[in-house]
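So the structure is just underneath, and the comments pick up after that.
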Amino acid sequence: VLLWSSDDKKGAFYVFRLPECWRAFMAFSKPLPGHLIGSRLDKVYLSSAVIPMGWLNAVSLFQHLQRRLSMGKWPVGAELPYTAEWRRDRPLPVRSNSEAQEWFQNYLDDFDAPLICSQSEGDKLSGKLSPMLLKKREANERFGIQISEKKSVAGLTQLERMGAYIDGDVGRVGLTSRKLFELCHFGIWLLSDLTLDCKGLAIFLGRLIRAFEFRRPLMGLLNDVWQYSNWEGRMVLRIPSITEMLISLCMCPLAYS
């Protein structure tokens, strides 16, 4: 079974203060009247003292800080092993000499620490935070970083994470059956009229791609539907596009299983 533990930080982007020498480069482009902040100057420029959301380098800097907190030496970090980090540019952190598997991943303000173990061991650990997550929490506390208790996950086998439904008993990742039913209903409703709302088509295709992301070969079903240049108003679909949409709806059971 797979047991999932994860944390989400509170007010993540506003926790980390930037060095004062950066202030001149973090000023906002529009000046304010000085009297609003008690200044004698006619116009003043405000500067961000923390990582601003939407800043070009915010993601990479935030990711760097999270990795330092996870793998840095005590007291800076949790001293989690580099070999146990799940990341796209490295091999999967699988231990070939062990039945149990454990890893962690940093994604901005999210931290995940899943554990794969036997059913009997899983029964004992169900509902408990993983050891890696506990170490990361200790590192957070040393810097006064708080986590959202409402979003915290402790040793669950079934949950929805980052828009994906994870079933650690069966061993399946994808959309829930409810979301797939809604997707099918939406697609049939769109095709029930002679003319089709372009915005509705765009929303439908976006949700369909989300479902197919977990079963990549199914994306090969969609080709003709991308050839429309005008995504406003209403239009009449070509027969190949209608065929692709109908086949995709019929293949939704495969997107689930």
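The values are calculated or read from the model by the stated rules, or taken from the named source; none is laboratory data. Here the structure is a predicted model, which means the values were calculated and not measured. As a convention, Cβ positions derive from the backbone with ideal geometry for all residues, glycine included, and neighbour counts pool all protein chains shown. All accessible areas refer to the heavy atoms of the entire protein, side chains included, with ligands and DNA or RNA removed. Shrake-Rupley method; radii C 1.70, N 1.55, O 1.52, S 1.80 Å.
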In the full protein assembly as shown, how much of residue 89 is accessible to a 1.4 Å probe, in Å² to the nearest 10? 110
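Averaged per residue, what accessible area in Å² does the stretch 149-247 show with a 1.4 Å probe, protein chains only?
Numbers: 6000 Å² over 99 residues.
I get 61 Å² per residue for this part.
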For the stretch 73-131: span of alpha carbons on each principal axis (Å, largest first): 34, 24, 21
Considering the dipole of the chain built from charges on the beta carbon (Lys and Arg +1, Asp and Glu -1) around the Cα centre, which of 3, 181, 118 is farthest to its positive end? 3
On average, how much accessible surface per residue is there in the stretch 9-103, in Å², for a 1.4 Å probe, leaving out ligands, DNA and RNA? 74
List the lysines whose Cα sits under 22 Å from the Cα of residue 151, skipping any in the same chain fewer than 8 residues away. 9, 10, 128, 135, 136, 179
For the stretch 168-247, with all protein chains present and a 1.4 Å probe, just round the carbon and sulfur fraction of the accessible area to a whole percent. 62
Charge dipole of the chain built from unit charges on the beta carbon (Lys, Arg +1; Asp, Glu -1), centred at mean Cα; most positive-end Cα among 225, 237, 61 is 61
With equal scatterers on the alpha carbons only and no solvent term, can you work out the Debye log10 of I(q)/I(0) for the stretch 1-137 at 0.09, 0.16, 0.17, 0.20 1/Å? -0.41, -0.89, -0.96, -1.19
Share (percent) of C-alpha pair distances in the stretch 60-180 greater than 26 Å works out to 23
Sorted largest first, the C-alpha extents of the stretch 168-257 along its principal axes in whole angstrom are 45, 22, 19
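Mind checking the dipole of the stretch 177-257: about its Cα centre, +1 per Lys or Arg Cβ, -1 per Asp or Glu Cβ, Debye to the nearest 20?
On the way: 9 positive and 7 negative charges, 56 e Å.
Once rounded to the nearest 20, the dipole reads 260 debye.
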Considering the alpha-carbon set of the stretch 205-257 alone, what are its Rg and its Dmax in angstrom? 11.7, 36
Return the single residue from 63, 158, 227 with maximal mean-square fluctuation; model: Gaussian network over the chain, springs between Cα atoms under 10 Å. 227
Just the Cα atoms of the chain, one point each, no solvent: what log10 I(q)/I(0) does Debye give at q = 0.08, 0.17 Å⁻¹? -0.51, -1.19
Heavy-atom SASA rank of 157, 243, 83 (probe 1.4 Å, accessible area, largest first): 83, 243, 157
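Placing unit charges on C-beta atoms (Lys and Arg positive, Asp and Glu negative, everything else neutral), compute the dipole magnitude of the stretch 48-180 about its Cα centre in debye, rounded to 20.
Working: 19 positive and 16 negative charges, 58 e Å.
Result for the stretch 48-180 is approximately 280 debye, rounded to the nearest 20.
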Considering only the other residues whose Cβ falls under 13 Å of the Cβ of residue 84, what net charge follows from Lys and Arg at +1 and Asp and Glu at -1? +2
Just reorder 251, 235, 162, 71 by solvent-accessible area, largest first, 1.4 Å probe, all chains present. 162, 251, 235, 71
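Taking the Cα centre of the chain as origin, work out the dipole magnitude from +1 charges on Lys and Arg Cβ and -1 charges on Asp and Glu Cβ, in debye rounded to 20.
Details: 33 positive and 27 negative charges, 155 e Å.
Dipole of the chain, to the nearest 20 debye: 740 debye.
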Suppose accessible area is computed on protein heavy atoms with a 1.4 Å probe; arrange 32, 80 from highest to lowest. 32, 80
Residue-normalised 222 nm signal for the chain, counting each DSSP H run of n ≥ 4 as -39,500 (n - 2.57), nearest 500 deg cm²/dmol, is -9500 deg cm²/dmol
Normalise the Debye intensity by I(0) for the stretch 43-101, one equal point scatterer per Cα, no solvent, then take log10 at q = 0.13, 0.17, 0.30 Å⁻¹ and round to two decimals. -0.54, -0.76, -1.16
Cα principal axis extents for the stretch 1-42, largest first, Å: 65, 22, 16
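Could you calculate the contour length gain from residue 199 to residue 239, that is, 0.36 nm times the residue separation minus the distance between their Cα atoms, to one decimal place in nm?
On the way: separation 40, 0.36 × 40 = 14.40 nm, distance 1.90 nm.
Additional length available on full extension: 12.5 nm.
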